[in-house]
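Each remark here refers to the structure printed beneath this line.
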Amino acid sequence: MAETFGGALTYKQLLNFEIDGQRIALVGQRGIINPAIFDATLTVTSAAEGPYNDHFDDDGVLRYAFEAGDPRAGSNRKMLVAMETRTPIILFERPISNLYVPYVGAFILGANFDDGYVEIAADAIIKAQVEAGLSEVEKRYATAEVRRRVHQPLFRARVLSAYDRRCAICRLNHADLLDAAHIIPDADEGGAASVPNGLALCKIHHAAYDRNLLGIDPDYRVHIDEALLEEIDGPMLQHGLKEMHLTSITVPKPKTQQPDKDKLAHRFDLFLAS
Ligand SMILES: [Zn+2]
């Protein structure tokens, strides 16, 4: 058994899964894990010895029973959100107690309300690897994938909360219209999911920042691209962008949550060079 499931993760590892110093439980007493900061289900665990008779069919699709009660309420609700928004989930298969085999990037394909289950497709490639037994390299890959899946919502939740759900530039106060922007992009070295590498920005200011039409210097001042400043157009350009030139961004009060000045300087150089 240990040979076959040599790449599996243990309950303890998954209960205290650490990302940037914050612990997130990826498994628990229940089969469906819906952390409060995520809109959609994060993980689903299918236990071979479980009460629900979950099983994979020949196409690698798992029939996973709804949690008891209303299939559209409780823990089931966020599974349906994951289905409707095509948000990838992490599926754990628990072949024996305390061993979890991860399928990262699984999708909930559909729901059968009459018979009370959802259909979950495990990623075909990862499933093949799992069946062959995960090597150390593949285990690291799976762990990195879990980390990636967890990173973005966690980063968003932290940054939006630090900025009181307001755009740092224009103070727009609608979470639906806000993003957590990375100062140093995620994939770059130093692109951590930490608040000092983030800025809460509204969609338009985020897009302008990413495209270097707007820069923020290390003294927290906004700079608008010179060509844009000379352009004459409607109210969005005038009020939304041009009038923001040389204004100061609003940053969180705690020093530990304020944007990292070195990161801002590095990013601002790219704005100046563009
Ligand atoms: Zn804004």
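A few notes on this one:
- Filtered residues of segment 72-105 (kept if modelled with pLDDT of 85 or more, out of contact with any Leu (no Cβ under 8 Å at 6 or more places or on another chain) and buried (at least 18 other Cβ atoms within 10 Å of the Cβ)): Asn76, Lys78, Met79, Leu80, Ala82
- Among the residues of segment 15-32, those that are modelled with pLDDT of 85 or more and among the aliphatic types (A, V, I, L, M) comprise Leu15, Ala25, Leu26, Val27, Ile32.
- Consider segment 223-242 and keep the residues that are surrounded by 13 or more Cβ atoms within 10 Å (Cβ to Cβ) and part of a helix (DSSP H, G or I). The one that is nearest to the ligand (Cβ to nearest atom) is Gly240.
- Failed item, numbered, when Ala273 is tested on (1) open to solvent by 60 Å² or more (accessible area, probe 1.4 Å); (2) within 16 Å of the ligand (Cβ to nearest atom): (2)
- Note on segment 255-266: residues that are in contact (Cβ under 8 Å) with a residue 60 or more places away in the chain and away from the ligand (no atom under 16 Å from the Cβ) amount to 7.
- Selection of segment 243-265 for residues being more than 20 Å from Ala207 (Cβ to Cβ) and either within 28 Å of the chain's Cα centre (by Cα) or in a helix (DSSP H, G or I) (or both) yields Val251, Pro252, Lys253, Pro254, Lys255, Thr256, Gln257, Gln258, Asp260, Lys261, Asp262, Ala265.
- Among the residues of segment 192-206, those identified as part of a helix (DSSP H, G or I) and more than 10 Å from the ligand (Cβ to nearest atom) are Val195, Pro196, Asn197.
- Selection within segment 160-169 - within 14 Å of the ligand (Cβ to nearest atom), touching a helix residue (DSSP H, G or I) at 6+ places or on another chain (Cβ under 7 Å) and within 17 Å of Thr256 (Cβ to Cβ): Leu160
- Within segment 243-257, being surrounded by 15 or more Cβ atoms within 10 Å (Cβ to Cβ) and under 15 Å from Leu272 (Cα atoms) holds for one residue alone: His245.
The values are calculated or read from the model by the stated rules, or taken from the named source; none is laboratory data. No experiment lies behind these values; they were computed from the predicted model shown. Every residue, glycine among them, receives a Cβ derived from its backbone with ideal geometry; neighbour counts consider all protein chains shown. The area values use the complete protein model at the heavy-atom level, side chains included, leaving out ligands, DNA and RNA. Shrake-Rupley method; radii C 1.70, N 1.55, O 1.52, S 1.80 Å.
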